[in-house]
Amino acid sequence: MEGSRRTLLAAAVFMAAFALFAVSIAGSHLSLDDWGYVYGCPFVKGGLSWNGVRGAFATVGHGGIWMPLTSMTYMADISLWGEGWTSHHVVNVFLHALNAVLVFRFLLALLPRFLKDGRGAPDVWCAFAALLWACSPARSEAVAWVASRKEELWTLFSLCGLLAWLRWLDRGRLVYYAVAFACFVLACLSKPTAMCFPVLAWLVHRFAAKDSGRRMFLPYLPMLAFSAFVGLVALVAQARPAGMAEVELYGMPFGWRLLNAAVSTGLYLFHAFVPYGVHADCRAVEGGWPLGGALGLAALAVATVAVLILCRRSKSDDGRTGRLVCFCAFWFLASLLPVLGVFGSVGDTALAERYSYLPSVCLALAAAYAFSALSGWRGGRVAAATASVLLAAQAAASVPVTMSYADDVASAERTLAFDPDNWRALRTLGKELAARGGRMDEGVEMLRRSLRLRPSRLTADSLAYMLACRGGEGDFAEVRRLGRAVVRRPKLDVGGMMLDALGIVAMREGDDEAAVKFFSESLVAPARSYSNVHTMLNLGLSLANSGKRAEAAMMLLRLHSVSDEGVRARVREALDHIKAKSTSRLEWR
């Protein structure tokens, strides 16, 4: 009977979590990481294959992270359902719903060990607590953002491994240890953050095992060795991302990194209880120190005081509350430490709600414990009412956050609503608006503002391209100023966008030889991340204008089958112009 009830509760948890985040399935993708992880990744975009699997393991620094198993799931999505983003979103939502069930099972396994006399935990309180974890707005980033699948996968394997570890501790059968170690390895292959698993395993042993006083060291040695290996690989991947400039891991002083970690930890706790202001690309210190980080430090201070008070008052219940509080505090800090930037590169974006995905499981355990304590009041009606209100509030707050990950515009608009000086969001929204008819001026101003806040080669390239396309008074001079270094050394533009901008300016000003040079260099840029179609079209037109008709015709004929009807019409017009040997110029449009 108890097993049937738990199965029904697990099914309810799964369906509720899936239904809440199903709204993300209709979304597209974010240019931040999504494209680079999937269709911009050379060993992923072709689907599941031996070459792809080999590339996933061998390419340590793609995107600055080593996550071969996560990359293989993207490959599987493409092989099973073809290209597009819907399948990736469906898998993300499914994994989250599965993790919600695992959290439920994890709470059922742990909670009785913190209750008086080890009595069984009320299933319904564990289900409520698992749903509170699953439906929090802080989970939206990990679920609705395709690139965050690594958080779901390493959480899934870590929870499975810890459940097996707990059984090994209780029963001593070697098969459970083998399962726990295998899950740990899979978690690390999903995301290197799982290197914290040995610490979490020790916490479960120290605070939740039946024989918690038993000392043992040898079982941890293989895990610690593999953690050290994964940590080293993670540092290499972070310092030397494939196709990008090397990153200085310790560019910021150690004291600053500690301060940033403290602010971030406080904000994770604050958003767990007050999910106001949750958005993508969240900065630990918005707008500069100290005002931007005061909230995080205040939240961390309040949490620290609360932990100390609860530990001191726990003498009245034989120390059970103190054990639970210590377990939760150490779990939260241990699972966050690898991503706080203390031991690696850190910047003003060293805060991401997806990082709290596994750490916040301890808060679900604390909630289940609190509901169990309240259940004695009026037959549990107080606990049920409290849990229901909290769950409804969490679910309602999650919907707009989840929808903000539908595309770049929605994400950037929500980010700027809470952080108006977020230079990356300004750049993203500026590019999108500038590409739309009627809002180019607004987009250009956003790009200029982003460049003033944070000088960036990518921002300068985007701004130059939009100015070249707009062609207003002073725009061409600004493009030449922004691209001064690239004019002297075209190889500096590895993405090709600044070269395209300079080519458009040269073409519109009638300097056909310079236009041919710039467009030709752009086509062979080693890190192009956008279509070659318009660059090839502009190169063909410039070749025709410079009198190189045969070369122009060969270039244009390569575009006769592209999907864009406007481009095909322009190609036909240019080929007719070349065939007629007309002396008039082909102008840029």
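The values are calculated or read from the model by the stated rules, or taken from the named source; none is laboratory data. These numbers come from a predicted model, not from an experiment. Here Cβ is always computed from backbone atoms with ideal geometry, including for glycine, and neighbour counts include all displayed protein chains.
The numbered conditions (1) crowded, with 22+ Cβ neighbours inside 10 Å; (2) closer than 28 Å to Val38 by Cα are all true for Val533 except (1). Among the candidates Leu159, Leu115, Leu189, Leu111, the residue that is modelled with pLDDT of 95 or more and closer than 24 Å to Leu8 by Cα is uniquely Leu159. No other residue among Phe14, Phe18, Phe43 is within 20 Å of Ser404 (Cβ to Cβ) and of a type outside the set (Val, Ile, Thr) apart from Phe18.
Could you tell me whether Trp35 is farther than 30 Å from Ala367 by Cα and surrounded by 19 or more Cβ atoms within 10 Å (Cβ to Cβ)?
Here the answer is no, as Trp35 does not meet what is asked.
Under the condition of being in a helix (DSSP H, G or I) and over 29 Å from Tyr74 (Cβ atoms), the residues counted in the stretch 166-192 number 10.
Residue under question is Ser24, and the condition is that it be in a helix (DSSP H, G or I) and small (Gly, Ala, Ser); does it hold?
Here the answer is yes, as Ser24 does meet what is asked.
The residues of the stretch 428-456 that are part of a helix (DSSP H, G or I) and either among the acidic types (Asp, Glu) or over 18 Å from Asp475 (Cα atoms) (or both), listed by number, are Thr428, Leu429, Glu432, Asp441, Glu442, Glu445, Leu453. When you scan the stretch 91-104, do you find a residue that is at pLDDT below 95 and in contact with a Leu (Cβ under 8 Å, 6 or more places away or on another chain), even just one? No, there is no match, as no residue in the stretch 91-104 is at pLDDT below 95 and in contact with a Leu (Cβ under 8 Å, 6 or more places away or on another chain).
Residue count for the stretch 74-92 satisfying the condition of being more than 18 Å from Pro42 (Cα to Cα), surrounded by fewer than 22 Cβ atoms within 10 Å (Cβ to Cβ) and in contact (Cβ under 8 Å) with a residue 12 or more places away in the chain: 3.
When the stretch 519-531 is filtered for residues that are among the aliphatic types (A, V, I, L, M) and part of a helix (DSSP H, G or I), only Leu523 remains.
Residues of the stretch 63-119 that are part of a helix (DSSP H, G or I), of a type in the set (D, E, K, R) and out of contact with any His (no Cβ under 7 Å at 6 or more places or on another chain): Arg105, Arg113, Lys116, Asp117. Note on the stretch 457-472: residues that are touching a helix residue (DSSP H, G or I) at 6+ places or on another chain (Cβ under 7 Å) and in a loop (DSSP other than H, G, I, E, B) total 1.
Condition test on Met536, is it under 24 Å from Val486 (Cα atoms) and assigned by TED's automatic domain parsing to the domain that holds Tyr465?
Criteria not met by Met536.
Every residue in the stretch 473-517 that is more than 19 Å from Thr459 (Cα to Cα) and assigned to a helix (DSSP H, G or I), please. Listed by number, the residues that qualify are Arg488, Ala506, Met507, Arg508, Asp512, Glu513, Ala514, Ala515, Val516, Lys517.
The condition (being over 25 Å from Arg149 (Cβ atoms), touching a residue at least 40 places away in the same chain (Cβ under 8 Å), of a type outside the set (S, T, N, Q) and out of contact with any Phe, Trp or Tyr (no Cβ under 6 Å at 6 or more places or on another chain)) is satisfied by just one residue among Leu363, Leu390, Leu447: Leu390.
Within the stretch 424-452, the only residue that satisfies the criterion of being of a type in the set (Val, Ile, Thr) and within 19 Å of Gly483 (Cα to Cα) is Val444. Candidates are the residues of the stretch 146-204 that are surrounded by fewer than 23 Cβ atoms within 10 Å (Cβ to Cβ) and among the hydroxyl-bearing types (Ser, Thr, Tyr); the one that is nearest to Val233 (Cα to Cα) is Tyr177. The helices (runs of 4 or more DSSP H) falling completely within the stretch 532-589 that include 3 or more residues that are aliphatic (A, V, I, L, M) and over 18 Å from Ser522 (Cβ atoms) map to 549-557, 565-579. The residue list Met216, Met195 contains one member that is over 18 Å from the mean Cα position of the chain (by Cα), not charged (D, E, K, R) and not in a helix (DSSP H, G or I), which is Met216.
Output yes when any residue across the stretch 5-16 is modelled with pLDDT under 90, part of a helix (DSSP H, G or I) and surrounded by fewer than 16 Cβ atoms within 10 Å (Cβ to Cβ), and no when none is. Yes, some residue in the stretch 5-16 is modelled with pLDDT under 90, part of a helix (DSSP H, G or I) and surrounded by fewer than 16 Cβ atoms within 10 Å (Cβ to Cβ).
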